[in-house]
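The values are calculated or read from the model by the stated rules, or taken from the named source; none is laboratory data. Since the structure is predicted, the reported quantities are computational estimates derived from the model, not experimental observations. Cβ placement follows ideal geometry from the backbone for every residue including glycine, while neighbour counts extend to all protein chains displayed.
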Amino acid sequence: MLAAVLLGFLFSLFLVFSGTYFRGKLAVLSSLIPLSLFVYFLSYLPEVSNGEVIYQSYEWIPSFGVNLSFTLDGLALLFALMITGVGSLVFLYTSAYLKDHKYLDRFYGYLSLFMAAMLGLVLSDNLMSMFIFWELTSISSFYLIGFNNDKADSRKSALVALGITGIGGLLLLGGAVLLGDVAGTYRISEMLSSREAIADSSSYLLILLLIFGAAFTKSAQFPFHFWLPGAMKAPTPVSTYLHSATMVKAGIYLLFRMTPVLNGGDIWHTILIIVGAVTMLYSAIHIIFRTDLKGILAYSTISALGILVFLIGIGTQAALVAAAVFIVVHALYKASLFLITGIIDHETGTRDITQLAGLRKVLMPVAIAGFIAALISGGVPPTLGFVGKDLIYEATLHYGGSAVLLTVLAILTKILLFYGGFLAGVKPFMGKLPEKYSKLHLPSPLMWVPPLLMTIAGIVFGIFPGLIETAIAKPIAMTQVIDYESFHLKLWHGFNTVLGLSAITITLGLVLYFALKPKHSLETAIAKLDVIAPKTLLLQLSTGFEKFSTLWTNFFQTGYLRHYLSTIVAFLIVLLGFLLFSDFSLNIDFNTLTELTIYELSILTMLLIGVLYTVFTKSRLAAVAALGVVGLSFSLLFLFYSAPDLAMTQFSVDTLTVILFVLVLYKLPKYLNLSDTKIRIKHGVLSISFGVLITLLILRVLGEPKNAEVSEYYAENAYKLAHGKNIVNVILVDFRGIDTMIEISVLIVAALGVFGLLKLRLKTRDKK
Amino acid sequence: MRTLILKSASSYLLPVLLLFSVFILLRGHYLPGGGFVGGLVAAIAFVLDAFSNGLDKTKVVLKVHPGFLMPLGLLIAFLSGITPILFSDLPLMTGLWADDPIPVIGALGSALFFDLGVYLVVIGASLTIIFTISESA
């Protein structure tokens, strides 16, 4: 299975080097990649439908418990088949849709990158590797949305989408770490056994919120839904593949996968049902106000995702089976509708629903596909959509006390989705053909065969629901539902409530379709409400944050070294002062101190004079020289307290420092104006308090009981182990040699920095 | 600053100071000294020479840009660190020692090479910084 996941990555890598050959006629061949994967996964179908779970693991970072473990159970197989199946058709379609596009190879590269990442996501049994693939899908989606990179609009939408799904990815990481911590493993299949421990743990709510956050951002749930309509800036094959059939369902997949692990209490159900219901209804209502075909499809996709979240929230076996079937239904009809929209756009150059009519006369096979897709979407028998819709009503009707409310919500959404489906699949083909479109002709079969195939599959599965039952619904129910009961999918249930509800839905949907015509005036009317839309609010939040960080940066990054130094010192004073004084006791035993010798006294005087001269002199050079005096006095002090090594080093370093200072100061103008008294006092206070604080700190440290174990070890072993009598040097070159190694590397980096900065300036000056 | 006294003194001081820096480097294992101080002393020797004879002349004496000493030193230090892994199957940075002492230098061990690396890096880094700054003046 590793090879199956890696194939897409390898193919996109291969395209980097040989892409030019794939821009022409060979482009069709690239669809062999998803097709072969589709056949590969199909070959697992018999085993998986028997309820077997295929497991393969490859060690990756075993010390962190992160492995490339792949499981293939019913749920994973459903997604894998969808990814590769829709993928094959989209790859085929693209070769005609973007024919002779100069970046066609790049497009295929991104697409196969995405396909591989998505396969990795759904097959991963390890939360960590799942997170990595999750992020990879966001990144490839970013590239694909921004594929028309010369348009500012596309770039912005790509960034918004990356921002939202990227945040979701971080939430997933947080959730995964917490979950791994509680369960003691990152393997989802092993988490099942500790589901009670997870539900009882104190971080259960946090885990739940993090996982929800990840799923809601990825699957465009309210209020994060707005990135999806923006993502429609991508070429249509991308909208088909990523933003309706597969990637946006990653969140659904995550919720599905986590159902057996986290489905522990009321919070799970309540949040999911509320968010799902709000999303499905909110965006279904939005359909009425759209005139762009892709806009209609985007909102109906969000609505469908809402239904899925809603069903997972209900969480009964009936609801989960309904969700699994609806995933297939939605992939079939929504992908077809997107592809059909792409054909219309490609041929007529517009996606404006008010401009399009009568296209059946010129694009007959497309019209057939559109009509069937609309039937599937509306849940008209004998399509699979009908089976799916019945299952949804069945699930809501049996959900305890609020069954009526939930059913009403589901019906309302379904009516609006019916309307949306007919708008996109039927309306452009009905009525009188405008004069300007009469010369159109059918595009290459590569474009119209894929949607037709998908819609026909929708009918076949509808007439024989047993196919879906054994292949998908049962294996999923067996692994994802805890108390599994046997069930059967049927097209015809006899005359019952559900059938009545179905009839109501279809009738009202038809009424809506004939009564309501999409108008531009409606679209402009709703645009006035954009002020309070989540999109505007979140974007304002982000610009506000940007402004705040600019202010913050400008406040601290003044470009003056003295400001940086003052800030750092002041911060240290506050921090150290707080620590010291919150627990301070100074016990110095004055009796143990030795007498002050005449040498020490004279050095102290020298030090003091040096310091005072540095502070009060009016010449820079004199100040540097005086600082040198201070440094040299220190090396004398070291010598008196028997640290010859330190003294030597201090001496040489000080010499070089003074030389450096002189070299730098040499170029500066003479003191033009000294800082005024107020600033001098401020700096004085700052430095004196810092000095006092450090002194107190050192006295405090001296008061602590000594732990001489380390120094004794060094003293004992310096000669024994390292053949050296100078302990300081032995520590430097042997005991702590790696430290020294890193220090000299730092030294080199500093030197290179100085060299680079100054030479760069020299060169620009030379150019002038 | 090009006084006659400093100029004539520096032509003797440079070799003497360099010799002294090597002396400090070598004695480091038993007595105060070592690669770091030795490197600083050598750097000071070159800076002194640059002050009295001019930077260009010092560069001629040095033959290569001092910057090249940095990677060379780092390489020597690194190699002395990994030698135990490569040849004796011992952990990183284990001290290896030759059996018989060599005249003048004394006992030869991998620590000396490590210190030599430090010595070269210190010379390279300080001279690079100082030369670059004085050139941009």
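Numbers at a glance
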{"quantity": "Number of the condition not met by B:Ala50 [criteria: (1) of a type in the set (Gly, Ala, Ser); (2) out of contact with any Ser or Thr (no Cβ under 8 Å at 6 or more places or on another chain); (3) within 11 Å of another protein chain (Cβ to nearest Cβ)]", "calculated": "(2)"}
{"quantity": "Within segment A:722-751, considering residues that are in a loop (DSSP other than H, G, I, E, B) and within 7 Å of chain B (Cβ to nearest Cβ), the one surrounded by the fewest Cβ atoms within 10 Å (Cβ to Cβ)", "calculated": "A:Lys725"}
{"quantity": "Condition met for B:Leu55 (in contact with an Asp or Glu (Cβ under 9 Å, 6 or more places away or on another chain), within 14 Å of another protein chain (Cβ to nearest Cβ), touching a residue at least 40 places away in the same chain (Cβ under 8 Å) and of a type outside the set (Gly, Ala, Ser))", "calculated": "yes"}
{"quantity": "Checking A:Asn50 against (1) surrounded by fewer than 18 Cβ atoms within 10 Å (Cβ to Cβ); (2) modelled with pLDDT of 85 or more; (3) more than 30 Å from A:Gly180 (Cβ to Cβ), the condition it does not meet", "calculated": "(2)"}
{"quantity": "Selected residue (criterion: surrounded by the most Cβ atoms within 10 Å (Cβ to Cβ)) from residues of segment A:589-645 that are in a helix (DSSP H, G or I) and of a type in the set (D, E, K, R)", "calculated": "A:Asp645"}
{"quantity": "Checking A:Ile252 against (1) within 23 Å of A:Val160 (Cα to Cα); (2) surrounded by fewer than 23 Cβ atoms within 10 Å (Cβ to Cβ); (3) at pLDDT 90 or above; (4) of a type outside the set (Phe, Trp, Tyr), the condition it does not meet", "calculated": "(2)"}
{"quantity": "Any hit, segment A:533-555, residues being of a type outside the set (D, E, K, R), assigned to a helix (DSSP H, G or I) and over 34 Å from the mean Cα position of the chain (by Cα)", "calculated": "no"}
{"quantity": "Qualifying residues in segment A:388-417 (those that are among the β-branched types (Val, Ile, Thr) and surrounded by 24 or more Cβ atoms within 10 Å (Cβ to Cβ)) - the one modelled with the highest pLDDT", "calculated": "A:Thr413"}
{"quantity": "Elements of type helices (runs of 4 or more DSSP H) in segment A:195-283, at least 3 residues being of a type in the set (D, E, K, R)", "calculated": "A:195-200"}
{"quantity": "The listed residue being buried (at least 20 other Cβ atoms within 10 Å of the Cβ) and touching a Ser or Thr at 6+ places or on another chain (Cβ under 6 Å), out of A:Gly378, A:Gly420", "calculated": "A:Gly420"}
{"quantity": "Hits in segment B:2-28 - residues which are of a type outside the set (A, V, I, L, M, F, W, C) and under 14 Å from B:Val47 (Cβ atoms)", "calculated": "B:Ser10, B:Ser21"}
{"quantity": "Matching residues in segment A:469-528 - criterion: being more than 23 Å from A:Ile376 (Cα to Cα), assigned to a helix (DSSP H, G or I) and touching a helix residue (DSSP H, G or I) at 6+ places or on another chain (Cβ under 6 Å)", "calculated": "A:Pro475, A:Ala477, A:Thr479, A:Gln480"}
{"quantity": "Hits in segment A:10-37 (condition: of a type outside the set (A, V, I, L, M) and surrounded by fewer than 17 Cβ atoms within 10 Å (Cβ to Cβ))", "calculated": "A:Phe14, A:Phe17, A:Ser18, A:Thr20, A:Tyr21, A:Gly24, A:Lys25, A:Ser36"}
{"quantity": "Number of the exception - A:Ser63 against (1) free of Cβ contacts under 8 Å to residues at least 24 places away in the same chain; (2) among the polar types (S, T, N, Q); (3) under 19 Å from A:Ala473 (Cα atoms)", "calculated": "(3)"}
{"quantity": "Residue in segment A:654-676 that is surrounded by 18 or more Cβ atoms within 10 Å (Cβ to Cβ), polar (S, T, N, Q), over 23 Å from B:Ala77 (Cβ atoms) and out of contact with any Ser or Thr (no Cβ under 8 Å at 6 or more places or on another chain) present", "calculated": "yes"}
